[in-house]
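Trainee: Below you'll find the structure I mean.
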Amino acid sequence: MKTLLILVGKTTDKSVAKLTEDYISRIGHYIQFEVNVIPDLKNTSKLTEAQIKTAEGENIMKLLRPGDHCIVSSMEHNAVMRLLDEHGKEYRSVDFATKLNKLWSNSARRIVFIIGGPYGFSQKPVDAANESISLSKMTFSHQMVRLIFVEQLYRALTILNHEPYHHE
């Protein structure tokens, strides 16, 4: 089972990028994991937030395949309503590990996690998503969410493999 993480825009903070890459490398020891970064849009100064979200949404949709199980995550306060953190499902780390194990065992060809840009998602990725998750009720920058998510994915994998990384 392949797991894909789609990110909108590159991580500009080098320290966050380095930590994120470290966890991505660790994840690769457990599962087939790919990260696909949608390039930042160019010449956005004259575009509205809605136009930016629509263009990013079109780029996200190009990466999805029939049969993908899509999970969206957004911590932005101005994201599409269904993606607000209070509307996404929250998991304890152990429960998230259990959820992932079930998905990898019983689900589609690919599990796709999508983290939107600073303005959230347009309607198309929302409609394509099977579910949404929340990493916290707090708001984080879309770059920090990447680090937090890959750390939680790594944590889930160590839980499933009965390794000592996670402590209850």
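Trainee: Using 7 Å Cα-to-Cβ label points, what is the TRP104/ASP13 separation (nm, one decimal)?
Mentor: It works out to 2.8 nm between the two label points.
Trainee: How much length, in nm to one decimal, is gained on full extension between ARG92 and GLU21, taken as 0.36 nm per residue of separation minus their Cα-Cα distance?
Mentor: So the chain would gain 23.2 nm between ARG92 and GLU21.
Trainee: Between segment 115-148 and segment 1-72, what's the alpha-carbon centroid distance in Å?
Mentor: Result: 10 Å between the Cα centres.
Trainee: A further question on this structure: If amide hydrogens are placed 1.01 Å from N in the peptide plane, which non-local residues have theirs closer than 5 Å to the one on SER134?
Mentor: LYS89, GLU90, TYR91
Trainee: Can you give the accessible area per residue of the chain, in Å², using a 1.4 Å probe? Numbers along the way, then the final one.
Mentor: On the way: 8940 Å² over 168 residues.
Spelled out: the 1.4 Å probe surface of the chain, per residue, equals 53 Å².
Trainee: Sticking with this one: Run the accessible area of the chain with a 1.4 Å probe and give the carbon-and-sulfur part as a rounded percent.
Mentor: Answer for the chain is 51 percent, counting heavy atoms of protein chains only.
Trainee: How big is the Rg/Rh ratio for segment 11-76, C-alpha atoms only, Rh by Kirkwood, two decimals?
Mentor: Checking Rg against Rh, the ratio lands at 1.01.
Trainee: Based on Cα positions only, what radius of gyration and what Dmax would you give for the chain, in angstroms?
Mentor: 15.3, 51
Trainee: If contacts are Cα pairs under 8 angstrom and at least 6 residues apart, what is the relative contact order of the chain in percent? Kindly include the intermediate steps, with their values, before the conclusion.
Mentor: Values: 292 pairs, mean separation 55.7, N = 168.
Answer for the chain is 33 percent.
Trainee: Oh, and also: Restricting to Cα atoms and excluding each atom paired with itself, what does the Kirkwood estimate give for segment 108-168 in Å?
Mentor: Its Kirkwood hydrodynamic radius stands at 13.6 Å.
Trainee: How would segment 1-48 be classified by its alpha-carbon gyration tensor: rounded, prolate or oblate, with rounded meaning a/c under 1.5 and the a/b versus b/c comparison settling the rest?
Mentor: oblate
The values are calculated or read from the model by the stated rules, or taken from the named source; none is laboratory data. Bear in mind the structure is a predicted one, so any value in this text is a computation, not a measurement. Note that each Cβ is placed from the backbone with ideal geometry, even for glycine, and that neighbours are counted across all protein chains shown. Surface areas here come from the heavy atoms of the whole protein model, side chains and all, with no ligands, DNA or RNA. Shrake-Rupley method; radii C 1.70, N 1.55, O 1.52, S 1.80 Å.
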